[in-house]
1. Considering only P413, H357, A378, whose Cα is most displaced toward the positive end of the charge dipole of segment 350-477, charges sitting on Cβ of Lys, Arg (+1) and Asp, Glu (-1)?
2. Mind giving me the nanometre distance, one decimal, between the label points for H430 and S58, set 7 Å out from Cα along Cα→Cβ?
3. Which of the trypsin sites (Lys or Arg not before Pro) found in segment 452-495 are loop residues per DSSP with 16 or fewer other Cβ atoms within 10 Å of their Cβ?
4. Using θ = phi - 60° and the Karplus form 6.51 cos²θ - 1.76 cosθ + 1.60, what ³J(HN,Hα) does each residue of segment 180-195 get, whole Hz, x for Gly and Pro?
5. Given H placed 1.01 Å from N in the peptide plane, which residues other than close sequence neighbours of G229 have an amide H under 5 Å from its amide H?
6. Here is the link list: K124/K288; K274/K523; K124/K517; K124/K419. Which ones come out longer than 27 Å on Cα distance?
7. 5 Å is the cut-off here: which amide hydrogens, built 1.01 Å from N in the peptide plane, fall below it relative to S573, excluding neighbours closer than 5 in sequence?
8. Scan around R179 for amide H atoms under 5 Å from its own, H built in the peptide plane at 1.01 Å from N, and keep only partners 5 or more places away or cross-chain.
Amino acid sequence: MTRRALPLVVAATGLIAGGVWWATRGNPAPDPAPAPDVATDDTGPPAFEDVTAASGVSFTYRNGEESDRYTILESLGGGVAALDYDRDGRLDLFFAGGGTISATSPVRVAGLRGRLYRNLGGWKFADVTAATGLDGAPFYSHGVAAADYDRDGFPDLFVTGFGGVALFHNEPDGNGGRRFVERAAAAGLADPRWATAAAWADLDADGFPDLYVCHYVDWTPANDPACPGVGNSVPRDVCPPQRFGPLQHRLYRNNGNGTFADVTASAPLRPDGKGLGVVVLDLDGDGKPDVYVANDAGDNFLYANRGGMRFEERGLAAGVAMDEHGLYNGSMGVDAADFEGTGRPSLLVANFQGEFHALYRSTGVGRFRHHSAAAGIARLGQRFVGFGVAFVDFDLDGWEDVAIANGHVLRHPIGSTLKQRPVLLRNEEHDGRRQYREVAGKGGAYFRSDRSARGLAVADLDDDGRPDLVISHQNEPAVLLRNVAGRDAHWLGVELIGTRGRDLAGAVVTAEAGGRKLTRFVKGGGSYLSTSDPRVVFGLGSTGRPARVTVHWPGGGTGQYDVPAVDRYLRVSEADPSRK
């Protein structure tokens with residue numbers, strides 16, 4: 001949520017807030033001339049249909065803005081997690097709840113409960129929040145990270161927010177069902193500081209998922225300055241992050257006995273990031289998962305995993321700390337994928353108004369180049385404020401498309417609007433290279449509406465191979481978008497099963513089909529404050545059955561597996577004898 005300006009803009013607005021230039025960084029650069037349009041038709045039947053109304057999911061994230069305190073707390077929003085909490089084979093949904101902010105001084109912040117919806121099949125969900133013990137609201141919540149931290153076969157929930165974090169352990173309820181029991185303090189994870197995004201991954205190759213937790217800024221009810229808005233008619237608006245100091249991120253090693261050790265100092269982690277997004281995957285091909293962090297109003301971090309819970313911060317050296325001008329961005333959501341068929345992961349970061357969303361193209365082992373203009377993403381312009389972001393092959397042609405959930409943080413922005421339309425970008429070939437083009441007509445009615453969107457999760461909620469979208473908004477109902485595209489396309493889903501339930505973030509899965517080699521990455525974290533479907537899906541178009549699937553397991557070892565049929569999920573076990 002960067003808010004900077006060049007002198008030209010300052011002269012035009014005449015406003016300075018707390019020593020921070022109160023505008024975007026300069027006049028938004030002119031949009032680059034569009035590349036010649038490609039032949040793809042974005043008319044016809046939409047790819048997504050909004051099925052929320054009949055689904056039984058009825059949830060609204062509340063940020064407390066009705067108090068008119070204009071606190072920076074209200075700007076972040078909340079996320080959503082897709083997880084099969086009861087192991088019945090269907091993905092369920094958990095939404096962070098947000099909170100309230102008092103209108104009178106001293107400011108009081110209180111939490112609102114999140115919601116857990118059980119997937120009944122057929123796009124029907126039941127609210128099981130109270131029945132599973134998740135109806136408490138100990139703090140103002142933001143993020144949700146799901147993983148089986150104790151390897152008992154059932155996914156657990158880590159919830160972040162202002163005023164605390166919660167570790168909800170998934171346990172039997174004694175009546176044949178499941179319940180969640182809060183164990184953050186007992187596990188050594190209790191922390192009252194403002195936490196945002198979190199990611200699980202086995203970073204030291206001991207089989208148990210470790211935990212990276214982003215923290216934001218040192219805002220508190222006692223440190224709540226009044227910041228003027230842009231223009232004489234806006235006496236107050238939400239303060240920029242530059243008005244506050246950063247909070248140290250945390251890294252916790254899983255001890256394997258239900259407890260965690262804080263290894264932040266020995267890792268070591270930098271102390272200066274205002275973290276909002278994190279994704280974990282093998283970025284340099286050495287078999288160890290690395291950590292990439294999207295920071296607001298500061299350099300982004302890339303922690304290269306050197307083994308033994310030691311990391312080298314290489315964001316600047318790798319080319320992913322700043323934009324193409326050598327300036328930091330206001331970065332929120334983040335994802336990674338092989339968008340051009342090289343077998344290497346590139347990074348995508350959603351940024352603030354006045355900046356381009358950043359596509360960092362992999363150019364080799366652990367090195368990247370800012371590629372937004374060349375890939376066509378810069379054609380979106382600089383009016384959006386992006387949050388949830390995901391690579392998603394919505395049409396199952398084998399190329400990773402992009403979905404971005406947008407919405408401003410200022411109540412009264414200039415050069416943009418508070419509510420903004422979401423964006424769907426199709427990955428297309430043009431002059432022998434991959435280009436992204438917005439296909440609003442393919443997105444359906446939702447992608448033509450203005451929203452105040454935040455968290456976005458990708459999940460195949462009906463197991464038909466077509467990735468669906470779940471999006472959380474500020475003060476308006478969350479939506480479920482059913483993917484109805486690619487009905488004539490073939491696909492193959494892969495569900496990886498680790499030895500004795502070990503965490504598999506960092507695994508790389510490839511499929512050979514139709515003369516192409518498709519690569520997918522198993523990730524921890526990603527998007528914005530959310531957890532997506534842990535399975536990977538290969539869109540095969542009309543090519544039919546892939547010859548084989550190869551899995552490069554984290555920590556070493558490779559397995560090749562036959563594909564008996566397509567248009568279904570293939571369960572691949574690390575313990576299978578096909579593993580080499």
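1. P413
2. 4.5 nm
3. Working: sites: R454, R482, R487; in loops: R487.
Answer by residue number: R487.
4. Taking θ as phi minus 60°, the curve returns 10, 10, 6, 9, 4, 5, 5, 8, x, 10, 4, 7, x, 6, 6, 9 Hz for segment 180-195.
5. HN-HN under 5 Å from G229: R236, D237.
6. Over 27 Å Cα-Cα: K124/K288; K124/K517; K124/K419.
7. I497
8. E171, D173
The values are calculated or read from the model by the stated rules, or taken from the named source; none is laboratory data. All values derive from a computational prediction rather than experimental measurement. A quick note on method: Cβ atoms are made from the backbone with ideal geometry, for glycine too, and the neighbour counts reach across all protein chains shown. Just the protein is used for accessible areas: all its heavy atoms, side chains included, with ligands, DNA and RNA removed. Shrake-Rupley method; radii C 1.70, N 1.55, O 1.52, S 1.80 Å.
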